[in-house]
1. Applying the Karplus parametrisation 6.51 cos²θ - 1.76 cosθ + 1.60 with θ = phi - 60° to the phi angles of the range A:322-331, what ³J(HN,Hα) value in whole Hz is obtained for each residue in order, glycine and proline being reported as x?
2. Output the Cα-based Rg and Dmax of the range A:359-431 in Å, rounding Rg to one decimal and Dmax to a whole number.
3. Over the alpha carbons of the range A:375-479, what is the largest minus smallest coordinate on each principal axis, giving the biggest first in Å?
4. Using DSSP to call loops (not H, G, I, E or B), can you name the trypsin sites (Lys or Arg not before Pro) in the range A:233-303 whose Cβ has at most 10 other Cβ atoms within 10 angstrom?
5. Just want the answer: with Cβ charges of +1 for Lys and Arg and -1 for Asp and Glu, which residue in B:Gly124, B:Ser240, B:Gly172 is farthest toward the dipole's positive end in the range B:121-263?
6. Largest first and in whole Å, what are the equivalent-ellipsoid semi-axes of the range A:112-197 based on the Cα gyration tensor, each being the root of 5 times an eigenvalue?
7. Please give the per residue accessible area of the protein assembly as shown, computed with a probe of 1.4 Å over protein heavy atoms only, in Å².
8. Taking the 0 to 90 degree range and rounding to the nearest ten, how far is the long axis of helix A:2-23 tilted relative to the main principal axis of chain A, both from C-alpha atoms?
Amino acid sequence: MKKQILTTSIASLLLSSFAFNCFSQGAPKNTYKPDGYKIITIETPKDVRFHVTGIDTDKSGGVYVTTRLGDVWLYKNEQWKIFAEGLHEPTGLLIDEDSILIAHKPELTRLTDNDKDGIADQYDNFASGWDFHDNYHEFTFGPVKDKNGNFYGTLNLSHNNPGAFSLGAMGSAGGYRGFAFKVTPKGDFTPYAWGLRSPAGIGASPEGLIFFTDNQGDWVPTSKLHLLEQGKFYGHPVSLIDVEGYTRDKLKEMPIEAFAAMSEKPVVWIPHIEVANSPGNPEWDTTRGKFGPFSGQIFIGDQTQSNLFRVLLDKVNGKYQGAVINFMNKFQSGNIRTKFDSQGQLWVGQTARGWGAQGGKPFGLQKVVWDGTNPFELLNIKLTTTGFRLTFTEVLAKNSVIKESLNAQEWNYHYSGNYGSPKKNLTSLKLNNIKLSADGKSIDIDMPLTADKVVQIDFTGLRDIKGRSVSVDKVYYTLNELLKSH
Amino acid sequence: MNNLIKKGFNIICLFSFTIYAYAYDSDLNQKLKNMADKQEITAQGKVLFEQVCASCHSKDLSGASGFNLKDGEWIHGSQPSQIIENVKRGFADAGMLAFNNVFSELQLQSIVAYVLSKREGFEGLTYKIYQMEDANDKVISAEKIIKTGELASNLPDFQLPEIKHYAIEFEGDFYAPKDKDTKIWVEWGRPIDIDFYTDGEKIEREEPIWYPTWKLKKGKQHLKIIYRAGDNKPNQRNVSLIVTNPDRTIKLFPISTRAKDILSDNKLEVKATNQTIILRKTIHKLPSYSISVGLPSKVNYAFNTRSCSVVGLWKGDLLNIGPNISGRGESPSLPLGDWLFRSPETLHLNNTDSKSCTYKGYKLVKQEPVFTFTIENNTFTVTALSKKSDEITFNYRVIDNKNSSKFTVKLPKTNSLIWRTPNGKVTKNSATVIPDASGNFSIIATFTK
């Protein structure tokens, strides 16, 4: 009798815990941080509004940053030196050989220090083929560079702009708002792709592929990461006013289904609040192990949640899809920019002005460093024909590899002009079988798979051989496609 | 007995004096208020204020090292008689001189009249909190009042209620600018159930949905605000009320505690003191793509990268960039001086238009920006120098001139400037110039006021 009561109690506890996991969309309240990682705060120049919205690092250990106020600064040997000023709310910086490219609202500007006194003396208009209408939300993000020397950036839509065309919250008054663009090495501008909303982060993979993030809102049910490809449409319809064959009137009449059919699927959906509200740039860990075991993976900061999360790419049937998983939280301000330096440190540029952040500070600069300790975390997730293979950074304790240590659920999102979407068709998933690999680091989970769902797997009960539990116990896999059987 | 009589006499004297003083203050209050309505007096007061008071209290009275003199908060007394007394005596500890021996009585009165004429916001503000039945209860009635009071800050505080279902009413005399149309603006106001009444009449709510506005009358009026919390979330209940110009491009002053917090970051004045400053910001009344340049001589101009022309010239300090860098930065930066000309009047090479001009960038030469642009295969540079506070020289250079040896520069229509050129001839609204052997020519403007 006593045993039965106890069993029932545990079942109730598990049920309530599961119900909480299943239906809450809250941000994790706990501090999560892998073993061996810590945040270091960089002191920024006194009495300067130092909202860091662009970062790049040079080979000699210099860190160039640009700020929303319009400055460019160099941080070297723990000293700050101003390099340029007077720019129009920059949101991107790229060191390009002997000069620096800045993405700011009206143009991409190339800054050159001709007399080598450490201060830029030439501000060239490198590209400005889009229109900026003085709306506060018309940011220019980028630039990043591909293997052929071409540059890419993205153009934010406007908000509360009376002259703009809108089908929800955000609008376009034309001039390629809501577009991604390409600029040749000589500076020739081309509109490249469209359907973007608030694409606050763009990055180039080590292979030279371009990816970008977009922020949740109208026509973006939850934040997402896309592969950028020429001529593609990414879901927000108002930019179509600049595309041949569309007019404002025609767009007003088009059904949602038509936009949905044209839209590219994201590589990953990023669950709102739980992972991110306003993701920044994708940054690849190219440090070859200097930053720990996550080499080759993508790190992204979130401006609202003041956290970092990872993207685990999976190539399925020749196309990218994959998963997101939180990495670290409790940063001091809104994490909008991330950049690795040559020593394997991850620099994080921060701002919270106008859009609040979990971290209480209005702006700043921090970096994440790794001390060599091997953490116990999920390393990777890959789709299999019968479920998923989860690989961990450390050998698992065999006795924790039981079904009760894990649970799973799936859902999808509703695409519309409404501001974001709740989880739709939220369903718990039964795990059929779990099998530990020979090296003890991976588990194969057999479970039902349905395309076009986000699958969340919780692995709270797993332990490593040292008895450690993970700091982040949820991974979210965007299952655009199932593996085609050969 | 004698003592008693004496004491009684003293009491009567003191009483009489108090009545006399009260009557005197009351008369003076009324007199100064009347003077505040007389333009010829406030104009004199304005001149004196700007000469002496503006350095601490700001030219627009919004405060700097000294207090804000426009809002409803008066630390040393809000009555006109108290204000003039404070000006006369000064506050030595706070670094304010006593002005009783500096100005005549009439001059002092004109200064106070000017200050009173610039009054903004509430006076004698009171509030009432109503206990509502639930989130859907819309009915305001006297029996639901649970708390009333006065607000010495004269600033509505929407965080006063400590209950879930409530409505709050604020009421008082209200000073809107006398000389321009203004509106009350509720940022993110779509879900906010709020009504405004001026002199007893309900004001119509205007679009846009997310940023609704309500038109104010000019000058003094009685204003009542009723807000029903309904099912608003906690952060929505702390309502931001800001008085703006009609197109909402300038946030004039806050009329709620939250708005005051928001606007506290609304002022960051950038002034060129010992070197030229170049700033790219959104600027009120100037077209997009204008680069502002502040010269230490207190002369400022804006070069536009789309039209490759000078689209504005103003005297004074460069910009208050606060509105453009606080919050989301929705509002434009505000030029701090007086316009000599501005767009659509421009200074440009006659064959310049936005279609044919390509902006190349600028170089810093001895800290001055030299802008480069091309028009029909000709490359030009322009920079400006100003050695005196009443003159500016625009130095043009033609590089790789392929078409012409003679150029026309279209001049802005303005009575504030007299134009000349050492390289040709100035007619009414243009200058015809022949560049020298190096391709240089100059256009010089002298300020007439």
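1. Along the range A:322-331, the couplings run x, 10, 10, 8, 4, 10, 8, 10, 6, 6 Hz.
2. 18.7, 48
3. Reported extents, whole Å, longest axis first: 49, 26, 20.
4. A:Arg288
5. Highest projection toward the positive end goes to B:Ser240.
6. 28, 16, 10
7. Averaged over the residues of the protein assembly as shown, the accessible area is 44 Å².
8. The angle comes out near 20 degrees.
The values are calculated or read from the model by the stated rules, or taken from the named source; none is laboratory data. All of these numbers come straight from a predicted model, not from anything done at the bench. Glycine also receives a Cβ, built like all others from the backbone with ideal geometry; neighbour counts cover every protein chain displayed. The accessibility values were calculated without ligands, DNA or RNA, using every heavy atom of the protein model including side chains. Shrake-Rupley method; radii C 1.70, N 1.55, O 1.52, S 1.80 Å.
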